[in-house]
Amino acid sequence: MSKGPRDYDDLIVYFQGEYVPWKNATVHVFSPAVKYGAGVFEGIRGYWSEARQHMVVFRLQEHLKRLEYSQKVMRFEKIFRAEELTEPLLEMLRRNDFKQHVHIRPTVYVDGDGESGSQGPVDVNITAVRRSKKAEVETGVNVQVSSWQRLSDLAMPTRVKANANYNNSRMADMQAKADGYDTAVMLNSKGHVSEGPGMCFFMIRDGVPVTPTITSNILESITRATVIELLREEMGLETVERDIDRSELYACEEAFFCGTAWEVTPIRNIDGLPVGDGAIGPITTELTDVYFNLVTGNNNDARGWLTAV
Ligand code: PMP
């Protein structure tokens, strides 16, 4: 993906109730959002559907509901509801007239000039940037078991998508890159596998998909739920949700990450050891296919997971 302000020149952002050019969508340095990371957000995918010749947004209501939950837990004085954000989000996409895949991000944050305990005033912005298919979906990634522990739910609410939580992700991700890996997988305070910096972990052992439970300090991922359902209903494979030990990472036949941004991304290597024989395995390959056909609107949307823009 190309980055940098110049690629954003023509973007329209939903900001303070209006649709404005990206360069006008700025937040004050005195805001608790800037000073303390007082914000919550969602990452959502919009896919340009070649088959339908319009954009579709994947599981929009589930994402906006999780955003409501995040605001509640963070005790924001006003909660932006899913019903209230749906139309601005879709209108922002229409105004941008995208003909490619995009990554959409609504952020609700504490504005004003308060201190770290301030709960308002609260505002929302919704952005979208063009996002082509990640090369890693085809190539797979090399992963480090991080020496940084995944946040504990005793320290921060791990199933809330709080901006501040992502400093935990950053530590693991930056360490992995500094050590020559693509990204990391973190262990939780009990020493079991938790998740990646922005994605959930699955492995295949003896033909069975296995993923950490939702009480493993993970984000309750919408893609994780999607993958469990697709494995069951499209591929006849029941996922086991249980604790995963570190040494199992070196025993599994296949492994992959999943998430809104990571989609389904194969893991080739963990701590320098090949996953299986180091090639992308058949279950991961088939799942990737099923997933992309679903999210890009190639199939009929029996589950009602796609919102037309
Ligand atoms: N874990 C973390 C820490 C994440 O940031 C994300 C991305 N939102 C995920 C998992 C995957 O969640 P989802 O499938 O809902 O995008």
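Using the beta-carbon distance between Met235 and Phe30 and R0 = 35 Å, what value does 1/(1 + (r/R0)^6) give for FRET efficiency, to the nearest 0.05?
Efficiency, rounded to the nearest 0.05: 0.10.
With every protein chain left in place and a probe of 1.4 Å, what is the accessible surface of Val57, to the nearest 10 Å²?
Around 0 Å² of this residue is reachable by solvent.
With each pseudo-label sitting 7 Å past Cα toward Cβ, what's the Ala261-His103 distance in nm, one decimal?
0.4 nm
Once you place label points 7 Å from the Cα toward the Cβ at Ala155 and Tyr8, how far apart are they in nm?
Here the answer is 2.9 nm between the modelled labels.
Could you give the angle, 0 to 90 degrees to the nearest 10, between helix 282-295's Cα long axis and the longest principal axis of the Cα atoms of the chain?
The answer is roughly 20 degrees.
Quick one: accessible surface of Arg242, probe radius 1.4 Å, all protein chains present, in square angstrom to the nearest 10.
80 Å²
What does the charge count around Thr285 come to, taking other residues whose C-beta lies under 11 Å from its C-beta (Lys +1, Arg +1, Asp -1, Glu -1)?
-4
Taking Cα centroids, how far is region 98-168 from region 262-309 in Å?
21 Å
Taking Cα atoms, how many degrees apart are the long axis of helix 60-73 and the longest axis of the chain, rounded to 10 and kept between 0 and 90?
So the inclination is approximately 70 degrees.
Tell me, what is the per residue accessible area of the chain in Å², probe radius 1.4 Å?
45 Å²
Distance between the C-alpha centers of region 11-69 and region 179-251? Whole Å please.
27 Å
Using a Förster radius of 25 Å, what is the FRET efficiency between Ser189 and Tyr166 based on their Cβ-Cβ separation? Nearest 0.05, please.
0.85
Pick out, in residue order, every one of the GluC sites (Glu not before Pro) in region 215-257 that is DSSP loop and has at most 16 other C-beta atoms within 10 Å; say none if there are none.
Taking region 215-257 and a limit of 16 other Cβ atoms within 10 Å, the loop GluC sites (Glu not before Pro) found are Glu220, Glu238.
Run the 1.4 Å probe and let me know the accessible area of Lys177, rounded to the nearest 10 Å².
Here the accessible area works out near 110 Å².
What value, in deg cm²/dmol to 500, does the helix sum -39500 (n - 2.57) over DSSP H runs of n ≥ 4 give at 222 nm once divided by the residues of the chain?
Mean residue ellipticity at 222 nm (helix-derived): -8000 deg cm²/dmol.
If you keep only loop residues by DSSP, which GluC sites (Glu not before Pro) in region 49-97 have at most 16 other Cβ atoms within 10 Å of their Cβ?
Here the GluC sites (Glu not before Pro) that fit, given the DSSP loop and packing criteria, are Glu50, Glu77.
How far apart, in nanometres, would the label points at Asp179 and Glu91 be if each is projected 7 angstrom from Cα along the Cα-to-Cβ direction?
Distance between label points: 4.8 nm.
In the chain, carbon and sulfur make up what percent of the accessible area (probe 1.4 Å)?
Answer for the chain is 49 percent, counting heavy atoms of protein chains only.
Rounding to the nearest 10 and keeping the result within 0 to 90°, find how far the Cα-based axis of helix 166-178 lies from the longest principal axis of the chain.
That works out to roughly 50 degrees.
In percent, what relative contact order does the chain have, based on Cα pairs under 8 Å that are 6 or more apart in sequence?
19 percent
Can you tell me the relative contact order of region 24-156? Whole percent, Cα pairs under 8 Å, sequence separation 6 or more.
So the answer I get is 29 percent.
The values are calculated or read from the model by the stated rules, or taken from the named source; none is laboratory data. No experiment lies behind these values; they were computed from the predicted model shown. Here the Cβ is made from the backbone with ideal geometry for all residues, glycine too, and neighbour counts use every protein chain on show. For accessibility, only protein heavy atoms count, side chains too; no ligands or nucleic acids. Shrake-Rupley method; radii C 1.70, N 1.55, O 1.52, S 1.80 Å.
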